[in-house]
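**Student:** Starting off with a structure, shown below.
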Amino acid sequence: MALFVRPLCAGAEGTATEPLNPPRFEVAAQSGYLLGVFGNPNSYEIGSEFISGRIRWGVNDSDNWTRGYNQFCLTLMAEPIFRGVENHYFGVNFGGRYNFVRPYWRLVPYISGGLGLGWIDSHPDMRGSQGQDFTFNILTGIGVSYEINERWKVDAGVLYQHLSNGGQTDPNPSLNLIGPQIGITYSF
């Protein structure tokens, strides 16, 4: 077991007082498969395809479990709808991400969240469909990144997504989706 865990967690030998110097900018491509979980009569299945830009915003170089850094994220979303009333969703999301960094570990747990807007090809005459094309979105995620080297990371996590028109139409069935997400990140 130690032969497997040590390479994942240890990046180099040294002291735990090495200063935290995370990348200033990152670009990520992420893909997921989300399933409708509650609140809508249709069993939605959506492929989430995201391109994200991240800017470092604040570093917490403390000597406890909160050691890490914030990132401001801008995410472009293109989502084919494999099962459900509509066919696709396109949107943008603005949010944040916090990365928990342990000294000399290659595994970096993270949490993220954001709010945005987008457009879905609604069919308001069909039961359970979104009431209009304009839609708000909420994204929340949790996962872990693995640092391959100074520039590249791969990550895996769980994503929750909420789509709603904010009550602009009645009814407003909304979509609540959850599923796995994987990605690759380039840092510079």
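The values are calculated or read from the model by the stated rules, or taken from the named source; none is laboratory data. All values reported here derive from a predicted model rather than from experimental measurement. Every residue, glycine as well, gets a Cβ built from its backbone with ideal geometry; the counts of neighbours run over all protein chains shown.
**Student:** Identify all residues within region 166-188 that are assigned to a loop (DSSP other than H, G, I, E, B) and closer than 18 Å to T140 by Cα; write none if there are none.
**Tutor:** From region 166-188, those assigned to a loop (DSSP other than H, G, I, E, B) are 166-174, 188; that's our starting set.
Matches in region 166-188: G166, S174.
**Student:** Would you pick out the residues in region 95-136 that are under 23 Å from W152 (Cβ atoms) and in a loop (DSSP other than H, G, I, E, B)? Give the steps one after another, and end with the answer.
**Tutor:** The initial filter retains those residues of region 95-136 that are under 23 Å from W152 (Cβ atoms), namely 95-112.
Once the filter is applied, which keeps residues that are under 23 Å from W152 (Cβ atoms) and in a loop (DSSP other than H, G, I, E, B), region 95-136 yields V101, R102, P103, Y104, W105, R106.
**Student:** Here's a follow-up. Would you tally the residues in region 139-162 being within 14 Å of G32 (Cβ to Cβ) and crowded, with 18+ Cβ neighbours inside 10 Å?
**Tutor:** Going through region 139-162 one residue at a time, the tally reaches 7.
**Student:** Evaluate region 170-184: report whether one residue or more is among the small types (G, A, S) and either surrounded by fewer than 18 Cβ atoms within 10 Å (Cβ to Cβ) or touching a His at 6+ places or on another chain (Cβ under 7 Å) (or both).
**Tutor:** Within region 170-184, the subset among the small types (G, A, S) is 174, 179, 183.
Add one more test, that the residue is either surrounded by fewer than 18 Cβ atoms within 10 Å (Cβ to Cβ) or touching a His at 6+ places or on another chain (Cβ under 7 Å) (or both), and what stays is 174.
Yes, some residue in region 170-184 is among the small types (G, A, S) and either surrounded by fewer than 18 Cβ atoms within 10 Å (Cβ to Cβ) or touching a His at 6+ places or on another chain (Cβ under 7 Å) (or both).
**Student:** So which pairs qualify, if the first residue must be in region 107-131 and closer than 24 Å to L76 by Cβ and charged (D, E, K, R), the second must be at pLDDT below 85 and outside any loop (DSSP other than H, G, I, E, B), the Cβ gap must be under 6 Å, and the two must be at least 6 apart or on different chains?
**Tutor:** Cβ pairs passing all conditions: none.
**Student:** Specify the residue that is surrounded by the fewest Cβ atoms within 10 Å (Cβ to Cβ); the eligible residues are those in region 71-101 that are charged (D, E, K, R) and within 19 Å of the chain's Cα centre (by Cα). Steps first, answer last, please.
**Tutor:** Initially, region 71-101 is screened for residues charged (D, E, K, R), giving 79, 83, 86, 97.
Those left that are additionally within 19 Å of the chain's Cα centre (by Cα): 79, 97.
Values: E79: 23, R97: 21.
So, considering only residues that are charged (D, E, K, R) and within 19 Å of the chain's Cα centre (by Cα), the one surrounded by the fewest Cβ atoms within 10 Å (Cβ to Cβ) is R97.
**Student:** Of the residues that sit in region 29-70 and are modelled with pLDDT under 95 and of a type in the set (A, V, I, L, M), which one is nearest to the chain's Cα centre (by Cα)?
**Tutor:** V37
**Student:** Specify the residue that is modelled with the highest pLDDT; the eligible residues are those in region 120-131 that are surrounded by 14 or more Cβ atoms within 10 Å (Cβ to Cβ) and over 25 Å from the mean Cα position of the chain (by Cα). Explain how you work it out, then say what you get.
**Tutor:** Our first condition is that a residue be surrounded by 14 or more Cβ atoms within 10 Å (Cβ to Cβ); within region 120-131, this holds for 120-123, 128-131.
Applying the additional criterion that residues be over 25 Å from the mean Cα position of the chain (by Cα) yields 123, 128, 131.
Values: H123: 82, G128: 69, G131: 76.
Residue satisfying both the conditions and the ranking: H123.
**Student:** Could you pull out the residue among V59, V92 that is more than 30 Å from S174 (Cβ to Cβ) and not in a loop (DSSP other than H, G, I, E, B)? It would help to see each step written out before you state the result.
**Tutor:** On the way: V92 fails: more than 30 Å from S174 (Cβ to Cβ).
Being more than 30 Å from S174 (Cβ to Cβ) and not in a loop (DSSP other than H, G, I, E, B) holds for just one of V59, V92, which is V59.
**Student:** I've got another one for you. Can you tell me which of (1) of a type in the set (S, T, N, Q); (2) out of contact with any Gly (no Cβ under 7 Å at 6 or more places or on another chain); (3) under 22 Å from E26 (Cβ atoms); (4) without any contact (Cβ under 8 Å) to a residue 40 or more places away in the chain is the one T140 doesn't meet?
**Tutor:** Among (1) of a type in the set (S, T, N, Q); (2) out of contact with any Gly (no Cβ under 7 Å at 6 or more places or on another chain); (3) under 22 Å from E26 (Cβ atoms); (4) without any contact (Cβ under 8 Å) to a residue 40 or more places away in the chain, T140 violates only (2).
**Student:** Show the residue pairs that are 6+ apart or on different chains and have beta-carbon atoms under 6 Å apart, the first residue being within region 160-188 and under 20 Å from G118 (Cα atoms) and modelled with pLDDT under 90, the second being in a strand (DSSP E or B) and of a type in the set (S, T, N, Q).
**Tutor:** Going by the 6 Å Cβ cut-off, the qualifying pairs are N165/T135; S174/S164.
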